Amino acid sequence: MKKTNIHVTGMHCASCSANINRKLNKTLGVKEANVNFSTSRATIDFDETKLDEKKLAKIIKKMGYGAEPLKEGMHSHDPTVSQKKEIKILKKMFILSLVFAVPAFVIGMIFMWINIHLPYQDYILWALATPIQFFVGWPFYKGTWMALKNKSANMDSLIAIGTSAAYFFSVYTVLFDKTLGQYFETSAILITLVIMGRLLEAIAKGKTSEAIKKLMELSPKIATVIRNGKEIKIKVDEVKKGDIIIVKPGEKVPVDGEIIEGSSSIDESMITGESIPVEKKVKDEVIGATINKHGSFKFKATKIGNETTLSHIIKLIEEAQGKKAPIQRFADTVSAYFVPIVIGIALVTFLTWKFIFDKDVSFALITAVAVLVIACPCALGLATPTAIMVGSGKGAKAGILIKGGDALETAHKVKSVIFDKTGTITKGEPEVTDIIASELSSKELLRIAASIEKGSEHPLADAIVNKAKGLKLSNAKNFKAIPGHGIKAKLGSKEYLLGNRKLMDKIKFNDKQIIQLEDEGKTVMILASKGKALGLVAVADVIKDTSKEAVSALIKLGLEVYMITGDNSRTAKAIANQVGIKNVFAEVLPKDKANYVKKLQKNGKVAMIGDGINDAPALAQADIGIAMGSGTDVAMETGNVVLMRNDLLDVAKAIKLSRITMNKIKQNLFWALFYNILGIPIAAGVLYPFTGWLLSPIIAGGAMAMSSVSVVSNSLLMKRKKL
């Protein structure tokens, strides 16, 4: 199976995208297709033995839409390019339409209200309306014809039928019966308002793509590489793997790589959202598009083009914005059936007023046109994707990558959160936490322990040696590791033992002190010599700075918090107590973690937070897998949400973001549906018998245009929300 993105042009409403979606999903070889009206993109999973990108684009083109497969490296390309082109065309059409519509409005309406009548007025209006109807309005006719060919209907159908009815009725009245009254200005102003609505909608939609645009702008254009012993400046696209690149203070890192010479502090906020610069030295990884603050360094390019972290992030955001939330399927289903139903309602409206209430043709026609115009399902189609685009963009800015609308929707339903312990709640690296000396000074005790541990390969030895940095260590002789017990070694003529209780045969030590430290989840080593205990060194995998605050934030959100670990119960409970977690699963093998997730899923949706490597099965089993990751490939591929800053506080932020986004989607859907449910009966004239009030098609057209803009604007308000 292969995944491709196709840029689709010519979609004007949700029913357009629903029609393309239906056609693609019925195509042999297509596993799943998602057509997003808001991003003008079709994301398709297909069997490459039966189809290719060109055939898929051809299917879309046959339906009357533009289609261009997006190559790898185009990042679907910059969405603002096609949006700018669309805005430019709509601006031209709107201005042209306005040139003819304004005089038509003045002559046909204002002059009528102030009782001015021009000679050949009806013919002047006919001349003004015609270029709008058939030149500016040509895309509506084209869209209607293509929809008919596909045995469907769309927004173009509503506009084309409504304005044509008004236009050709007016032609008939001018030629054969002037007493009926003409409506040339109505059709002209309607088309102008619809074009204006599309223009405003395109401008507003453009703002929802800002997250991707800003990320693309971060990418540097030039790199300084060493080739044949010389420094040369080349385009970033020309950098090859293995190139040695020089980065000077204030410059951006061109691609991902590994430092081979020099050191610096680098601002990685564009990747992680973390404002504090990160110190980098030889063998450390650097990420493309991050900013070098102070020192100069050379690094070897390891990832270029589409392999870079920035490219991965852009791709993830694009895929996230293309994936539909389950709630969107409801809107798509409504949109698909909405247009034919509306055409039916308009027809019934016309027939009812003409034949049941015995109104004249012009009255019946104007109500039918108003129904067709006000009912456009644009707002309904924009309700979900615009909120998802803004939500995923806001998340990316905060270092939270959410992979799709489905993940955004599920996260707000989460009832339980499970944390992996090692590397998630804790730092994942043992550190010396306590040095308790009884015969020596603490510094001397540490120096001796580090000197004899220097030759050991045990992880706890590394913790002791790291703690002793800056102290002058001695060289140990006769080093002997005793598995499961500790080590024995000589410093000068003196023999030392360092290890657990089992190693300390016939040596007295303070057992109460050791038990107290062990109850705190620490591993305790005793240093002894000549049959006497000299002191204790305690080592532990310490909790991260924000772990306690993160757990507290989740509890405040009303979630049940759990911790899962392979450690023994005593250590697990000690760590859990430090961060405020009451529910602990201890002594769990990595392969069994997924089963604990399954058990909790019986009570509701579960989020699992892990480091993205050994927790993969549990992350996959959970309803929402949240991977800790500093931009690594593994973290990006695992789970539905990636926390780029490695900060557990972002777990609560991700769930809050989901809740905010879902609230916006529900608001948008409510207003879009409420508007149509309320608007259609009023347009059909249900209030007329009681109030004498009739909705003009022009007011209906303006209201329809503004409903779409209001839905997009409501989604954009999310940018102001604090996570």
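Key figures for this structure:
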| read-out | value |
| --- | --- |
| Potential lengthening between S438 and Q121 on full extension [0.36 nm per residue; Cα-Cα distance subtracted] | 103.2 nm |
| Label zone at E587 (point 7 Å along Cα-to-Cβ), backbone N below 14 Å, region 549-580 | 565-573 |
| Radius 14 Å from Cβ of K233, net charge of other residues (Lys, Arg +1; Asp, Glu -1) | +1 |
| Selection from S269, T433, L498, by position along the positive dipole direction of the chain (Cβ) | L498 |
| Förster radius 30 Å - calculated FRET efficiency between S474 and S263, Cβ distance, rounded to 0.05 | 0.50 |
| 11 Å reach of a label modelled at D177, 7 Å along Cα-to-Cβ, counting backbone N of region 118-142 | none |
| Accessible solvent surface per residue of the chain, calculated while the other protein chains remain in place, 1.4 angstrom probe, Å² | 46 |
| Total charge dipole magnitude, region 616-723, about the Cα centre, Cβ charges on Lys, Arg, Asp, Glu only, Debye to nearest 20 | 480 |
| Helix-only [θ]222 nm of the chain, DSSP H runs n ≥ 4, -39500 (n - 2.57) each, per residue, nearest 500 | -15500 deg cm²/dmol |
| Modelled FRET efficiency - R0 35 Å, H485 with N577, Cβ distances, 0.05 increments | 0.75 |
| Signed unit charges on C-beta, dipole axis of the chain, positive-most listed residue A129, T386, V253 | V253 |
| Farthest toward positive dipole pole in region 1-42 [+1 Lys/Arg, -1 Asp/Glu at C-beta], among N5, T27, S40 | T27 |
| Structure-derived percent of Cα pairs over 46 Å apart - corresponding label in (i) 48; (ii) 39; (iii) 32 | (ii) |
| Cleavage-rule hits (chymotrypsin sites (Phe, Trp or Tyr not before Pro)) in region 287-368: DSSP loop, at most 14 neighbouring Cβ within 10 angstrom | F357 |
| Cβ-based net charge around V432, under 12 Å, with every Lys or Arg adding one and every Asp or Glu removing one | -3 |
| Sulfur and carbon atoms: percent of accessible area, the chain [1.4 Å] | 57 |
| Vicinal HN-Hα couplings computed from phi for region 136-152 (Karplus, 6.51 cos²θ - 1.76 cosθ + 1.60; Hz; Gly/Pro x) | 5, x, 4, x, 5, 5, 4, x, 5, 5, 5, 5, 4, 4, 9, 6, 9 |
| Region 450-594: equivalent-ellipsoid semi-axes (sqrt of 5 x gyration tensor eigenvalues, Cα, Å) | 36, 16, 14 |
| Taking the C-alpha atoms of region 468-554, convex hull volume expressed per residue in Å³ | 129 |
| Cβ-Cβ FRET estimate between E32 and E307, R0 fixed at 30 Å, reported to 0.05 | 0.70 |
| Point-to-point label distance, E429-S552, nm (Cα→Cβ direction, 7 Å offset) | 2.7 |
| Cα centre as origin, Lys/Arg/Asp/Glu Cβ charges: region 577-616 dipole, Debye | 280 |
| Whole-angstrom Cα spans of region 330-414 along principal axes, big to small | 64, 21, 16 |
| Net charge, F111 excluded, C-beta distance under 14 Å - Lys, Arg +1, Asp, Glu -1 | -2 |
| Inter-label distance for R501 and N25, nm, one decimal - labels placed 7 Å from Cα along Cα-to-Cβ | 6.4 |
| Test item: Cα-centred dipole of region 343-455, Lys/Arg +1 and Asp/Glu -1 on Cβ, debye | 300 |
| Spin-label model distance (nm) - E217 vs F355, 7 Å beyond Cα toward Cβ | 6.0 |
| Where GluC sites (Glu not before Pro) fall in DSSP loop in region 425-475, at most 12 other Cβ within 10 Å | E457 |
| Three-way shape label, region 517-579, alpha-carbon gyration tensor, a/c 1.5 | prolate |
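The values are calculated or read from the model by the stated rules, or taken from the named source; none is laboratory data. Just so it is clear, the model here is predicted, and its values are computed rather than measured. Cβ: placed from backbone, ideal geometry, glycine included. Neighbour counts: every protein chain shown. Note: accessible area is taken over every heavy atom of the protein model, side chains too, but ligands, DNA and RNA are not part of it. Shrake-Rupley method; radii C 1.70, N 1.55, O 1.52, S 1.80 Å.
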